[in-house]
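Asker: Mind looking over this structure? Questions follow.
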Amino acid sequence: MENTVVKIENLVKRYGDLIALDHLDLEIKRGEVLGLLGPNGSGKTTTINCLLSLLAFNKGRIEIFGKEMSPVAYDIKKNIGIIMQNVAVFDELTVYENIDYFCGLYITDKAKRKQYVEEAIHFTGLEEFLKFYPKKLSGGLLRRLNIACGIAHKPELIILDEPTVAVDPQSRNKILEGIQQLNRDGATIIYTSHYMEEVEQICTRIAIMDKGRKIAEGTKDELKRMIKNTETITIEVIGLSDADRSVVAGLPHVYDTAYDGSKLTIYCSGGKHNLIRILGVLQERELSFGRVYTELPTLNDVFLEITGKALRDKEE
Amino acid sequence: MFLHNIKYELLTALRTKDLIFWLILFPILLGLFFKFAFDGIYEQVTQFSTIDTAVVDETDDTAFRSVIESVETQGKPLLNVVYTDREEAKKMLMDGDVKGIIYTGDELSLSVAENGIDQTTLKFFVEKYNLNSRIIKRTAEKDPAEAAKAAAVLSETADAVKEIPLTDGNTDNFIQYFYNLLAMVALFGSTVGLHISNVNQANLSAIGARKNCSPTPKSTGISAALMSSYIIETLCMILSVTYLRFVLGIDFGERLHLVYLSAAVSGTVGVSLGFCLGSLGSLNENAKTGISITLSLFLCFLSGLMVGNMKTIMAQKLPWFNKVNPAAVISDSFYCLNMYSDYERFTEKIITMLVMSAALALLGFFMTRRKKYASL
Ligand SMILES: Nc1ncnc2c1ncn2[C@@H]1O[C@H](COP(=O)(O)OP(=O)(O)O)[C@@H](O)[C@H]1O
Ligand SMILES: [Mg+2]
């Protein structure tokens, strides 16, 4: 069996003057959960749409299951499940009918389809809502229906484009667990999101995108090792003089400090016992300190260090 | 795959509120409105009765006498004639025993005491008779052998009178409104047709995108949607004709089965028009629904849905337009069926509709055939 499920080479997509994808290369191996992480507008959806042969692109090559993808590559398409960023269900059909309809575009055998539809309903926990019309479903349930419609035919490759946008935390956790379950059941997964926590939580490999380019790629640990920050220490301390601060800044492994009059932030790169050493200095200089925090780097730090800007300002 | 698609397309359509409104409720209400608005006129037409007429025949015109006997309308004699002298005739007219007096002579002349439908009918009859006899006389003068045709032509007068617009042309106008109402329902089929491109095109809807990702070819999805739209629209047309004919009692003539046929064919024109419109540009479905409803109403307006003689006006100003305005072609097909006993004009209209429908559907197919989109 081919081990590479998706291979994107040198993909370029322009919208007029705007370069939405800038020579993108990406490979996804069987059994992976690949996270495409990037801020809004970084090109995640564009990548997915090109991958699916919905969008015409200017340059590049896309192979899925070892064959060139095209709009008429039906043998490839039948093994892909797609959950779009926008919910795509018929308002006039009930939950059950929607799942059956979309599953029917893939599975012609009626008995098999019935079984698959029921499994999808069970999997997404929609049993109690079979006769509901989409308009009557909450945001979270609607997203689950959207997922059920995309995965009922048991595809080998499942693509989810921001499936948790505007979903309550409970539904979000259920969706994330579901995706991991699908992966354990054998599906290869591409998951796009601008929420780094989600990506960290479920993805076995992460590609970080910005402005249509892939700026970093690897497991979350690999990504974090790419940057020099290993630890950020924050200490509440009042009356720190410039002399005090330069002593702290001169300690081994400390590469930057910041002080705002009440909080001292120290950025460390590598080394051990950094915190103890810093607190030792403060004690020596008879400075009393309040609370102390220490943080390990996040994907946001990775993004920040590579692009010079935060992945996103605040949770919206 | 195809049947699966048809099944769900039908289910979706039957649950679409817009569709139920525009294709079922709206025509029912408008039909009811027309019926009330024209009811007075309609009563008079349906209660047509033989017109009592006095004839002063001082020239003993045998040709005239034989025509009178053969003229009838709606199975009843057109005129109930009393032969009498001038004095007596005038008295009868004053007393209201007769509606008019016809004087024979070189030409027929008519005198009436008041204005009304019966009087108009008499006037029409007299004019038509005079016109025909003038033609005969002229022919006979030129070529006496041709005079043999006189009788034939004269008896045509009887036929012509059968086609009299009995109520100042109001019957015509009145029923034209209902023909145009049917044309409207047919063209509203465009809202059903719009849906076809909308749910099958990745750049028009998320559902379209999802369907385009599946291994079901786009042509299958589109043909299934087209087929189910035709079915839905045909049902709506059948419903409208049945409602107008059997609930409101509108008289579509003898050949009702052909009225149904024409209704079904005209429905496909609307659906294909919508399919074609829907494939154009990337406006959302609501905007396109608005456009197609407006367009349908406008075409029907030009064909006489709101103002009865609009079609005649168009025929004078833009003679070619009625031939290509689908609303005019559709309403004409019903009109021909009621007016002419032969099938020539009716067949022509049906063929025009089929050609329009096929051309629009092909255009739609051509435009949706695109596989990848430059922008979603
Ligand atoms: N149809 C379009 N026309 C023009 N520009 C577009 C279109 N779709 C997306 N873009 C632009 O392409 C870039 C990438 O968009 P997208 O792939 O949707 O980003 P993401 O999914 O990561 O939020 C953005 O700058 C966006 O504005
Ligand atoms: Mg996106």
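The values are calculated or read from the model by the stated rules, or taken from the named source; none is laboratory data. From a predicted model like this one, the values you see are computed outputs, not experimental measurements. Positions of Cβ are generated from backbone atoms using ideal geometry, with glycine treated the same way; all protein chains shown enter the neighbour counts. For the accessible areas, the whole protein counts, side chains as well, though only heavy atoms, and no ligand, DNA or RNA atoms are used. Shrake-Rupley method; radii C 1.70, N 1.55, O 1.52, S 1.80 Å.
Asker: So, counting K/R as plus one and D/E as minus one, what does the shell of residues with Cβ under 9 Å around B:Pro215 add up to?
Answerer: +1
Asker: With runs of 4+ DSSP H residues as the only contributors, calculate the mean residue ellipticity of chain A at 222 nm using -39,500 (n - 2.57) per run, divided by the residue total and rounded to the nearest 500.
Answerer: The helix-only estimate for chain A comes to -10000 deg cm²/dmol at 222 nm.
Asker: What spacing in nm lies between the two simple spin-label points modelled at B:Leu29 and B:Leu362, each 7 Å away from Cα in the Cβ direction?
Answerer: 4.0 nm
Asker: Between rounded, prolate and oblate, where does the stretch A:87-168 land on the alpha carbon gyration tensor, with a ≥ b ≥ c its root eigenvalues, rounded for a/c under 1.5, else prolate if a/b exceeds b/c?
Answerer: oblate
Asker: Continuing with this model, one more query. If a/c stays under 1.5 just call it rounded; otherwise compare a/b with b/c (prolate if a/b is bigger, oblate if not). Do that for the stretch A:185-256, with a ≥ b ≥ c from the square roots of the Cα gyration tensor eigenvalues.
Answerer: prolate
Asker: Next up: Could you give the nm distance between label points at A:Thr4 and B:Asp39, where each point is 7 Å from its Cα heading toward the beta carbon?
Answerer: Label-label distance for A:Thr4 and B:Asp39, simple model: 7.9 nm.
Asker: On each of the three principal axes of the Cα atoms of chain A, give max minus min coordinate, whole Å, ordered largest first.
Answerer: Here the spans come out as 79, 46, 38 Å, largest first.
Asker: Something else: Could you name the aspartates and glutamates whose alpha carbon sits less than 12 Å from that of A:Lys59, not counting residues in the same chain fewer than 8 places away?
Answerer: The qualifying aspartates and glutamates are A:Glu9, A:Asp22, A:Asp25.
Asker: Give me the percent relative contact order of the stretch A:231-296, please, defined on Cα pairs under 8 angstrom at least 6 residues apart.
Answerer: Averaging sequence separation for qualifying contacts and normalising by length gives 49 percent for the stretch A:231-296.
Asker: Here's a follow-up. I'd like the Kirkwood hydrodynamic radius of chain B, using the inverse of the mean 1/r over distinct C-alpha pairs, in Å.
Answerer: 23.7 Å
Asker: Report the extension gain between B:Lys7 and B:Asn284 in nm, rounded to one decimal, defined as 0.36 nm multiplied by the number of residues separating them, less their alpha carbon distance.
Answerer: Answer, rounded to one decimal: 97.3 nm.
Asker: Run down the lysines and flag those whose C-alpha is under 21 Å from the C-alpha of A:Lys309, throwing out any fewer than 8 positions away in its chain.
Answerer: A:Lys44, A:Lys211, A:Lys214, A:Lys220, A:Lys224, A:Lys228
Asker: Would you mind counting up the charge near B:Val56? Only other residues with Cβ under 10 Å from its Cβ, with Lys and Arg at +1 and Asp and Glu at -1.
Answerer: That sum, taken over residues with Cβ under 10 Å, equals -3.
Asker: Once the piece of chain linking A:Thr265 and A:Leu296 is laid out straight, how much longer is it, given 0.36 nm per residue of separation minus the C-alpha distance between them?
Answerer: Taking 0.36 nm per residue and subtracting the Cα distance, the gain is 9.8 nm.
Asker: Straight-line reach from B:Lys90: which lysines fall under 20 Å, measuring Cα to Cα and dropping same-chain residues less than 8 apart?
Answerer: Reachable lysines: B:Lys99, B:Lys123.
Asker: Only bridges with both residues in the stretch A:4-218 count here: give the DSSP antiparallel percent, nearest 5.
Answerer: About 55 percent, rounded to the nearest 5.
Asker: Here's another thing I want to ask about it. Charges only on Cβ, +1 for Lys and Arg, -1 for Asp and Glu: so what's the dipole of the protein assembly as shown about the Cα centre, in debye to the nearest 20?
Answerer: It works out to roughly 2860 debye.
Asker: Right, another one. Largest first, please: the extent of the C-alpha atoms of the stretch A:231-296 along each principal axis, to the nearest Å.
Answerer: So the extents along the principal axes, rounded to whole Å, are 28, 19, 17.
Asker: So, one more: Tell me the total accessible area that B and A bury against each other, 1.4 angstrom probe, in square angstrom rounded to 100.
Answerer: About 3000 Å² of accessible surface is lost on pairing.
Asker: Run the numbers on chain B and let me know its relative contact order in percent, using alpha-carbon pairs under 8 Å that are six or more apart.
Answerer: Averaging sequence separation for qualifying contacts and normalising by length gives 19 percent for chain B.
Asker: Using protein chains only and a probe of 1.4 angstrom, how many square angstrom of A:Thr47 are accessible, to the nearest 10?
Answerer: Taking all protein chains as shown, A:Thr47 has close to 0 Å².
Asker: Could you give the length gained on full extension between A:Glu222 and A:Arg14, defined as 0.36 nm per residue of separation minus the Cα-Cα distance, in nm?
Answerer: Value of the extension gain: 71.8 nm.
Asker: Just the accessible area per residue of the stretch B:303-376, please: how many Å² with a 1.4 Å probe?
Answerer: So the stretch B:303-376 comes to 54 Å² accessible per residue, rounded to a whole number.
Asker: Angle, helix B:86-95 long axis vs. longest principal axis of chain B, Cα atoms, 0 to 90°, nearest 10?
Answerer: 50 degrees
Asker: Express the carbon and sulfur contribution to the solvent-accessible surface of the protein assembly as shown as a percent, rounded to the nearest whole number, probe 1.4 angstrom.
Answerer: The nonpolar share, carbon plus sulfur, comes to 56 percent.
Asker: I would also like to ask the following. Using R₀ = 60 Å, calculate the FRET efficiency as 1/(1 + (r/R₀)^6) where r is the Cβ-Cβ separation of B:Phe321 and B:Thr62; round to 0.05.
Answerer: 0.80
Asker: Sticking with this structure for a sec: Over 47 Å apart: what share of the alpha carbon pairs of the protein assembly as shown falls there, rounded to a whole percent?
Answerer: Beyond 47 Å sits 46 percent of the P(r) for the protein assembly as shown.
Asker: If you take every DSSP beta bridge whose two residues both sit in chain B, what share of them, in percent to the nearest 5, is antiparallel?
Answerer: So the antiparallel bridges amount to about 40 percent of the total.
Asker: Any idea what diffusion coefficient the stretch B:273-376 gets from Stokes-Einstein, in µm²/s, Kirkwood Rh on alpha carbon pairs, 37 °C, 0.692 mPa s?
Answerer: 211 µm²/s
Asker: Okay, helix-only estimate at 222 nm for chain B: each DSSP H run of n ≥ 4 adds -39500 (n - 2.57), divide by all residues, round to 500 deg cm²/dmol; what do you get?
Answerer: Mean residue ellipticity, 222 nm, calculated: -22000 deg cm²/dmol.
Asker: Shifting gears a bit: If I fit a long axis through the Cα atoms of helix B:150-162 and take the longest principal axis of the Cα atoms of chain B, what angle between them do I get, 0 to 90°, rounded to 10?
Answerer: Taking Cα atoms only, the helix is inclined about 60 degrees.
Asker: I would also like to ask the following. How much solvent-accessible surface does A:His153 expose, in Å² to the nearest 10, with a 1.4 Å probe and all protein chains in place?
Answerer: A:His153 has an accessible surface of roughly 10 Å² with all protein chains in place.
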